[in-house]
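The values are calculated or read from the model by the stated rules, or taken from the named source; none is laboratory data. Please read all numbers here as calculations on a predicted model, not as lab measurements. Don't worry about glycine lacking a Cβ; one is built from the backbone with ideal geometry, like all the others, and counts go over all protein chains shown. Remember, those area values only see protein heavy atoms, side chains included, never the ligands or the DNA or RNA. Shrake-Rupley method; radii C 1.70, N 1.55, O 1.52, S 1.80 Å.
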Amino acid sequence: MTIIIKTPQQIEKMRVAGKLAGEVLDYIKPFVIAGVTTEELDKLCHDYMVEVQGTIPAPLNYAPKGHRPYPKSICTSVNHQVCHGVPGERKLKAGDIINLDITVIKDGYHGDSSRMYYVGEPSIQARRLCDISYECLWLGIAEVKPGAYLGDIGQAVQKHAEKNGFSVVREYCGHGIGQSFHEDPQVLHYGKRGDGVKLEAGMIFTIEPMINAGKRDIRQLGDGWTIVTKDHGLSAQWEHTILVTESSYEVLTLSAGAPPQPTLAG
Ligand code: MF3
Ligand code: CO
Ligand code: CO
C-alpha cells in the first residue's frame, strides 16, 4: 500500500478540483425534477464540466480492473440503487430519491463528491435515511485528524447507521484521491476504533458511506456497473473529499450550495 502525502502545491490543486466538483452538484439541483431522465442530467453535467468549467468528467470511459469502460460522465443512483447507477432513459418521478456522484479532473487532479436529491416530496422513511446517512458522513469527517485511525471513521459511521436501524454497505468504500481517481488507502465505513492506517497531515481521501434502509446485501445489474440492494430497500450515499490538516481536517468539496453541516449529538 502506498499512500501519497500531498505537497502544498498539490493540495492547492485539490482544493480547486474539489470545489469544482461541488459546483457541479450545485448547478444540477434545479434540474432534478419529475419527468427528467437520468441521461438528461448526465448531459447537463457533462456540458457544464467540459464547456463552463473546463474540467474532465473522470467517470467517462473509466475502466478499473474487472470492469467494462463506464459509459457516462456521472453516476445517477435512484431509490434502491446503491451506487454507480448508469444514466439512461429512466424518468424521475415524484417521491424518488437520487444520488448524483460527480468526479472532475482539473489540471490533473481529481475532486469527488456526491449528494442526495429529492424529486418532489420524499416519504418519511426516505427523508430519514437521507438525513441519517448525511450525519454518518459528517460523523466520519469529524474523526479526521493526524494520529487518528481509519477505523475511527469506520466505527463512527457504522455506529450511527446501525443505531438508527440501517445497515452499511461493505463492498465499496472511500479512497485516497489525487492525480488518480482511486488511490490507497481504502476508507471502510465500518470497523473498530484504533484499527487500520494512522492518519497523517497531507493525506487526502474520500468518505462516502452507502447506507441501506434494509439489509446490507447488494448485487450488480447486467450493465456491469449499477449496484442495487438485494432486498430492494432504499439506499442513500453522500461523499466529500477530505484533507488531513496539521490539526484536523479540511473538506475540499464544499461549494456555495452544499447542504450545511448537520448538528451532531456526538
Ligand atoms: N465516483 C465514484 C466514487 O466515489 C466512482 C465512480 S466510478 C464510475 O468513487 F466509473 F462509476 F464512475
Ligand atoms: Co464519487
Ligand atoms: Co469516491
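Structure notes:
- If you go through the stretch 174-189 and keep only what is buried (at least 21 other Cβ atoms within 10 Å of the Cβ) and in contact with a helix residue (DSSP H, G or I) (Cβ under 9 Å, 6 or more places away or on another chain), you end up with Gly174, Ile177, Gly178, Val187, Leu188, His189.
- Qualifying residue in the stretch 88-104 (condition: touching a strand residue (DSSP E or B) at 6+ places or on another chain (Cβ under 6 Å), part of a strand (DSSP E or B), near ligand 1 (Cβ under 10 Å from one of its atoms) and of a type in the set (D, E, K, R)): yes
- The set of residues from the stretch 79-98 being touching a helix residue (DSSP H, G or I) at 6+ places or on another chain (Cβ under 9 Å) and either within 16 Å of ligand 2 (Cβ to nearest atom) or farther than 26 Å from Ala126 by Cα (or both) comprises Gly85, Val86, Pro87, Ile98.
- Flag for Val144 being at pLDDT 95 or above, hydrophobic (A, V, I, L, M, F, W, C) and not in a helix (DSSP H, G or I): yes
- Filtered residues of the stretch 64-80 (kept if over 21 Å from His46 (Cα atoms) and either over 19 Å from the mean Cα position of the chain (by Cα) or within 16 Å of ligand 3 (Cβ to nearest atom) (or both)): Lys65, Gly66, His67
- The set of residues in the stretch 123-133 being open to solvent by less than 20 Å² (accessible area, probe 1.4 Å) and more than 16 Å from ligand 3 (Cβ to nearest atom) consists of Ala126, Leu129, Cys130, Ile132.
- Summed over the stretch 60-83, residues that are open to solvent by less than 50 Å² (accessible area, probe 1.4 Å) and out of contact with any Pro (no Cβ under 9 Å at 6 or more places or on another chain) total 8.
For every residue, the table says whether it meets (1) surrounded by fewer than 17 Cβ atoms within 10 Å (Cβ to Cβ); (2) within 16 Å of ligand 3 (Cβ to nearest atom).
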position: Ala94; (1), (2): yes, no
position: Asn99; (1), (2): no, yes
position: Thr103; (1), (2): no, yes
position: Arg115; (1), (2): no, yes
position: Gln155; (1), (2): no, no
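- For the stretch 16-33, the criterion of being open to solvent by 20 Å² or more (accessible area, probe 1.4 Å), in a loop (DSSP other than H, G, I, E, B) and at positive phi is met by none of the residues.
- Of the criteria (1) surrounded by fewer than 16 Cβ atoms within 10 Å (Cβ to Cβ); (2) in a loop (DSSP other than H, G, I, E, B); (3) away from ligand 3 (no atom under 16 Å from the Cβ), which one Glu162 fails: (2)
- Among the conditions (1) at negative phi; (2) touching a residue at least 12 places away in the same chain (Cβ under 8 Å); (3) more than 8 Å from ligand 1 (Cβ to nearest atom), the only one that Pro59 does not satisfy is (3).
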